[in-house]
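Q: Below is one structure. I have some questions about it.
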C-alpha cells in the first residue's frame with residue numbers, strides 16, 4: 001500500500017509517466033541516426049566559459065540544449081562543439097564537431113565541467 005501511495009503522489013506532482021524502455025548496459029548510448037546530425041558546421045567562435053561545476057552536470061540542465069549547438073568543456077581540459085540528441089540519467093549522446101565534420105559522440109555527465117548552448 002505504501003508503494004502505491006508514493007507512486008500516486010509522484011504521479012500527482014509530475015503527471016503520468018510514459019512506459020520506460022528496457023535498461024541499457026552501463027556505458028552504452030542509444031543508437032544514433034546519422035540523419036540526426038546537423039547539416040551545417042557550428043559557429044566559428046568559442047563562447048566564454050560559464051562557471052565550472054565541481055560535480056556532475058545535471059542532466060536536466062543540459063537537456064535544455066537538445067538539438068542545439070552546445071560547447072562542452074570536459075575535465076581533461078578539452079573543449080569542443082557538440083550537438084546533443086539524447087540525455088540520459090548520467091550521459092549525453094549526440095554529435096561532436098571534429099573541425100571538418102560531425103561524428104557520433106557520447107560522454108558521461110560527470111566528465112563535463114561546463115557547457116553553453118546557443
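Q: Any residue at all in the stretch 36-58 that is assigned to a helix (DSSP H, G or I) and modelled with pLDDT under 90?
A: yes
Q: Here's a check for you: in the stretch 59-77, which residue that is part of a loop (DSSP other than H, G, I, E, B) and surrounded by 11 or more Cβ atoms within 10 Å (Cβ to Cβ) is modelled with the lowest pLDDT?
A: Ranking the candidates gives 75 first.
Q: Report, by residue number, each residue of the stretch 89-118 that is farther than 19 Å from residue 34 by Cα and in a loop (DSSP other than H, G, I, E, B).
A: 89, 90, 118
Q: Mind checking which residues of the stretch 97-107 are without any contact (Cβ under 8 Å) to a residue 60 or more places away in the chain and surrounded by fewer than 17 Cβ atoms within 10 Å (Cβ to Cβ)?
A: Listed by number, the residues that qualify are 98, 99, 100, 101, 103.
Condition check ((1) over 18 Å from residue 42 (Cα atoms); (2) in contact with a strand residue (DSSP E or B) (Cβ under 8 Å, 6 or more places away or on another chain)) across all residues:
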site	(1), (2)
79	no, yes
85	no, yes
88	yes, no
96	no, yes
102	no, yes
105	no, yes
108	yes, yes
111	yes, yes
118	no, yes
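The values are calculated or read from the model by the stated rules, or taken from the named source; none is laboratory data. Bear in mind that the values here come from a model prediction, so they are computed numbers and not experimental data. Neighbour counts are summed over all protein chains in view; Cβ atoms, including those assigned to glycine, are modelled from backbone coordinates with ideal geometry.
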